[in-house]
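The values are calculated or read from the model by the stated rules, or taken from the named source; none is laboratory data. Not measured: the values here are computed from a predicted model. When we count neighbours, we look across all protein chains shown, and the Cβ atoms used for this are built from the backbone with ideal geometry, even at glycine.
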Amino acid sequence: MERPVRPQINRTSTLPKPNEYTLALENDLRHVAFSEERAPSNKGQWRSVIGIGAEMPLDVEIGTGNGLFFAHQSNHQPKRALVGLELKYKPLIQSIRRALRAGNRNVAIARFHAFNLDELFEPGEIHNVYIHFPDPWTSPKKPKNRLTNAWFLNMIHSLQAPGSFLHFKTDSREMFEWSLEEIKKTPYHVEYHTFDLHQSDSVWNEQNFKTGFEKIFLSQGIQINFIRLVKKNHQ
Ligand SMILES: C[S@@+](CC[C@H](N)C(=O)[O-])C[C@H]1O[C@@H](n2cnc3c(N)ncnc32)[C@H](O)[C@@H]1O
């Protein structure tokens, strides 16, 4: 599968006007929140950046949004670390502040385009990955931008330690069905999937934490699609 052109995002240091969020990135949150310029120097070093031992699993959430899941997960899994990726400054800073306010010290966050994930992590450096309600890119000819395209899923797979999982949730049935076809082009094992997580008789429904967008979709009566992919131990 051919790699799309590396996406470029604007550089924080070249923004015409700093705002409270970009300033926080360079000042009080500098030790835990990384701009697209500083984040790649943590590649292979995230555990020492966060201040945890080599044995501690390191998970990744792509697109943290307002950070409800980011704060919840880091709080409920103190023996794991969590790195968030987010493109927009406000949710980026909201997410890390929410986690820090909850007393969580097992976290870091980066302003980074997910498609450049291999600039942030070494193969095998990360464990579980969460992609919750990414942009569905439903307009014609845009599916290549979806975070569940086979090329990107293969990249995530190569960066994960064997035995890790990837959770993907979306409100878009169209994107989900498209993703099921993309997943067939990857080495992932599909352990479970459903077109209606909240009506499913599954442990994943029992254990599910509702993200900010998920609450909105549920209040509109929209069904939530969910899939759990596993990187097998021998891979
Ligand atoms: C629809 S929101 C979902 C937020 C959150 N996961 C939730 O469920 O409430 C998608 C988020 O992903 C971020 N995002 C979109 N594309 C991204 C990318 N390529 N890399 C990192 N974050 C991205 C957006 O800025 C946005 O905050």
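When you scan the range 71-110, how many residues do you find that are farther than 20 Å from GLN45 by Cα, of a type in the set (A, V, I, L, M, F, W, C) and outside any helix (DSSP H, G or I)?
Of the residues in the range 71-110, 2 are farther than 20 Å from GLN45 by Cα, of a type in the set (A, V, I, L, M, F, W, C) and outside any helix (DSSP H, G or I).
Yes or no, residue by residue, for (1) touching an Asp or Glu at 6+ places or on another chain (Cβ under 7 Å); (2) assigned to a strand (DSSP E or B); (3) under 22 Å from THR138 (Cα atoms); (4) basic (Lys, Arg):
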{"residue": "PHE176", "(1), (2), (3), (4)": "no, no, yes, no"}
{"residue": "VAL190", "(1), (2), (3), (4)": "no, yes, no, no"}
{"residue": "LEU218", "(1), (2), (3), (4)": "no, no, yes, no"}
{"residue": "ILE222", "(1), (2), (3), (4)": "yes, no, yes, no"}
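For residues that are farther than 21 Å from TRP178 by Cβ and at pLDDT 95 or above, scanning just the range 212-232, find the one that is surrounded by the most Cβ atoms within 10 Å (Cβ to Cβ).
So the residue we want is LYS231.
If you go through the range 50-60 one residue at a time, do you hit one that is part of a loop (DSSP other than H, G, I, E, B) and within 19 Å of the chain's Cα centre (by Cα)?
yes
May I ask you to verify whether GLY51 is within 14 Å of the ligand (Cβ to nearest atom) and in contact (Cβ under 8 Å) with a residue 12 or more places away in the chain?
No, not satisfied.
Checking ASP28 against (1) part of a helix (DSSP H, G or I); (2) at pLDDT 95 or above: exactly one of these is not met. Which one?
(1)
Which one is surrounded by the most Cβ atoms within 10 Å (Cβ to Cβ), of the residues in the range 131-164 that are touching a Lys or Arg at 6+ places or on another chain (Cβ under 7 Å) and in a helix (DSSP H, G or I)?
This residue is HIS157.
For (1) within 11 Å of the ligand (Cβ to nearest atom); (2) not hydrophobic (A, V, I, L, M, F, W, C), each residue gets a yes or a no:
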site: GLY63; (1), (2): yes, yes
site: PRO78; (1), (2): no, yes
site: ALA81; (1), (2): no, no
site: GLY84; (1), (2): yes, yes
site: GLN94; (1), (2): yes, yes
site: ARG97; (1), (2): no, yes
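Given (1) within 16 Å of the ligand (Cβ to nearest atom); (2) out of contact with any strand residue (DSSP E or B) (no Cβ under 7 Å at 6 or more places or on another chain); (3) basic (Lys, Arg); (4) within 29 Å of GLY124 (Cα to Cα), where does LYS215 come up short, assuming only one miss?
(4)
Name every residue in the range 3-47 that is within 14 Å of LEU85 (Cα to Cα) and free of Cβ contacts under 8 Å to residues at least 24 places away in the same chain, in order of residue number.
ARG38 - this is the single residue of the range 3-47 that is within 14 Å of LEU85 (Cα to Cα) and free of Cβ contacts under 8 Å to residues at least 24 places away in the same chain.
Do we have any residue at all in the range 165-173 that's out of contact with any Lys or Arg (no Cβ under 6 Å at 6 or more places or on another chain) and assigned to a helix (DSSP H, G or I)?
yes
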